[in-house]
Structures are given as structure tokens and as C-alpha cells.
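Colleague: Questions regarding the structure given below will be posed in turn.
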Amino acid sequence: MAGDLAGLVSRLEAVTARLEGVAGAKGTAPAGGSTSKRLEALATRLEALADRKKGGAGGDGDALEFVDEYKTCVIQGKLVKYFELSAKIGGDVATQAEIVKSAFQVQTTFLTAAGTHKAPPPAVLQEALKPTSRKVGDVQGYCDRNRGSKMFNHLMAVKEGIGCIGWVTVVCTVT
């Protein structure tokens, strides 16, 4: 029976470590020790994960935190220089950049909804992604309609890259 209990504790520790990895939490499993000590440490780690999941307002604190990080790192971070330079260049490049900006705003709205709801059935997900898909189409269409632009190569580069916004459709499995 003690062997069964120790095996169960080991399995629970492994699951807890995986959950901590998904949640971005850092927990440490005790090295060896008695089964009761390991269970106590495991309970503490699981309680910390549960507290982290509660997050605050209605249990969606982690989701809102993720969206805030996305806005900070992507929208207000990496993309700012692109938007600034596009405005400085002006013309077709600035116009296309505004369409790109609206695509990322639509995606932010999607991420907020996705972070506060369970995964929907595929048909519902496809419907929820339509606004983002339309914006991607708008960016690509703008390029296609302006083939004669002296900035066509710039427009084309953005057209080819806007597909990156589709990362939200990638199914992530935890192993």
C-alpha cells in the first residue's frame, strides 16, 4: 500500500508540474522525503495554482493579464516602430499600416473573449475569427489593388506577413 501511495504521489507531482508549466508558475518538487512531506508540498503547490487561477475579477485574471501582456509586448511594443515608420513614409504604406493596426485591434478583442471563455466548437470558433479574417483580407486586398504603387514591395512584404496573425488558430497541446 505504501508503494501504491508513493506512486500516486509521484503521478500527482508530475501533473502538478505540468499544470505549473501551463500556468507559468514556478513550483519545486521536494527531492525525496517522506510521503507525507511530499503530499504536504504538493498540496501547497496545488493551492498556489488554484489561487493564481482565481486571479481576481470573476476568475479571469490570468486571461486579462495575458491580453495586457499582448497589448504591451506586441501592440505597444513590437508594432509601434512599424506604425511610426509607416506614418513617416506616408501614402500607401501608411494607409496599409492603419488597416494592419485595425487587424491587431480586432485580434485583441478576440483574445479577450477567448481568454475568458472555454474553447468553443469549431463552427463557433470559425465565426468568432471572421472579423480577424476580414481584416487580413483587407490588408492583402489593399496590396493587390495598389500594384502600381511605387511602394509595392513594401505593401507586398506586409501582405505576406499579415498571416502571422493567424497564430490564434494553432491548437496547443500540453505534453
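Colleague: Condition test on residue 126, is it within 20 Å of the chain's Cα centre (by Cα), touching a residue at least 40 places away in the same chain (Cβ under 8 Å) and assigned to a helix (DSSP H, G or I)?
Modeller: Numbers: within 20 Å of the chain's Cα centre (by Cα): yes; touching a residue at least 40 places away in the same chain (Cβ under 8 Å): no; assigned to a helix (DSSP H, G or I): yes.
It is false that residue 126 is within 20 Å of the chain's Cα centre (by Cα), touching a residue at least 40 places away in the same chain (Cβ under 8 Å) and assigned to a helix (DSSP H, G or I).
Colleague: For segment 63-84: of the residues being aliphatic (A, V, I, L, M) and surrounded by 13 or more Cβ atoms within 10 Å (Cβ to Cβ), which is nearest to residue 118 (Cα to Cα)? Spell out how you get there, then give the answer.
Modeller: Of the residues in segment 63-84, the ones aliphatic (A, V, I, L, M) are 63-64, 67, 74-75, 79-80.
Within this subset, residues satisfying the condition of being surrounded by 13 or more Cβ atoms within 10 Å (Cβ to Cβ) are 63-64, 67, 74-75, 79.
Numbers: 63: 11, 64: 14, 67: 16, 74: 24, 75: 25, 79: 29 Å.
Step by step, filter segment 63-84, then rank; the result is 63.
Colleague: Residues that are touching a strand residue (DSSP E or B) at 6+ places or on another chain (Cβ under 9 Å) and modelled with pLDDT under 70: list the helices (runs of 4 or more DSSP H) wholly contained in segment 1-115 that include at least 3 such residues.
Modeller: Working: elements: 2-23, 35-54, 61-70, 79-89, 91-115.
Answer list for segment 1-115: none.
Colleague: Next question, about the same structure. Quick one: is residue 140 surrounded by 18 or more Cβ atoms within 10 Å (Cβ to Cβ), assigned to a helix (DSSP H, G or I) and free of Cβ contacts under 8 Å to residues at least 60 places away in the same chain? Lay out the reasoning, then the answer.
Modeller: Working: surrounded by 18 or more Cβ atoms within 10 Å (Cβ to Cβ): yes; assigned to a helix (DSSP H, G or I): yes; free of Cβ contacts under 8 Å to residues at least 60 places away in the same chain: yes.
Against the criterion (surrounded by 18 or more Cβ atoms within 10 Å (Cβ to Cβ), assigned to a helix (DSSP H, G or I) and free of Cβ contacts under 8 Å to residues at least 60 places away in the same chain), residue 140 qualifies.
Colleague: OK, next. For residue 149, work out the one condition from (1) part of a helix (DSSP H, G or I); (2) in contact (Cβ under 8 Å) with a residue 24 or more places away in the chain; (3) farther than 30 Å from residue 15 by Cβ; (4) not aliphatic (A, V, I, L, M) it doesn't fulfil.
Modeller: Failed condition: (1).
Colleague: Shifting gears a bit: Can you name every residue in segment 74-104 that is over 18 Å from residue 142 (Cα atoms) and not aliphatic (A, V, I, L, M)?
Modeller: First pass over segment 74-104, keeping only residues over 18 Å from residue 142 (Cα atoms): 74-81, 84-85, 88.
Once the filter is applied, which keeps residues that are over 18 Å from residue 142 (Cα atoms) and not aliphatic (A, V, I, L, M), segment 74-104 yields 76, 77, 78, 81, 84, 88.
To keep it simple, each residue is scored yes or no on (1) of a type in the set (Val, Ile, Thr); (2) out of contact with any Lys or Arg (no Cβ under 9 Å at 6 or more places or on another chain).
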site: 91; (1), (2): no, no
site: 99; (1), (2): yes, no
site: 144; (1), (2): no, no
site: 151; (1), (2): no, yes
site: 160; (1), (2): no, yes
site: 173; (1), (2): yes, yes
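The values are calculated or read from the model by the stated rules, or taken from the named source; none is laboratory data. Nothing here was measured: the structure is a model prediction, and the numbers come from that model. Note that each Cβ is placed from the backbone with ideal geometry, even for glycine, and that neighbours are counted across all protein chains shown.
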